[in-house]
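Undergrad: The structure follows.
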Amino acid sequence: MVRIGVIGAGAIGLSSAISVQKLVPGAKVTIIADQFGSDTTSSGAGGLFRPYLGHFTGMDEEMVK
């Protein structure tokens with residue numbers, strides 16, 4: 001059995017662990033992190049995007065969509 005450790009329980013760490021489980025059948029994946037849950041960086045670092053035409057000058061509205 002393959003044993004793999006993933007450091008970090010943020011968005012990248014958890015998605016990496018899931019990817020490893022899908023790509024390496026039967027692998028035992030262990031997530032190593034200082035904290036789990038709402039106190040991690042990823043919970044506050046969500047990439048938020050809200051297009052607003054006011055930030056763009058001289059551009060057609062269709063280009064901003």
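Where a number appears in this text, it was derived from the coordinates with a stated rule and is not lab data. Remember, it's a predicted structure, so these values are computed and weren't measured experimentally. Heads up, the Cβs are rebuilt from the backbone with ideal geometry, glycines too, and the neighbour counts pull from every protein chain shown.
Undergrad: Once fully extended, how much extra length lies between Val20 and Phe36, figured as 0.36 nm per residue of separation less the alpha-carbon to alpha-carbon distance?
TA: 3.8 nm
Undergrad: Where does each of 13-19, 1-7 land if you order them by average Cβ count within 10 Å, highest first?
TA: Most protected by this proxy first, the peptides run 13-19, 1-7.
Undergrad: How much length, in nm to one decimal, is gained on full extension between Arg3 and Ala27, taken as 0.36 nm per residue of separation minus their Cα-Cα distance?
TA: Here the segment from Arg3 to Ala27 would lengthen by 8.1 nm.
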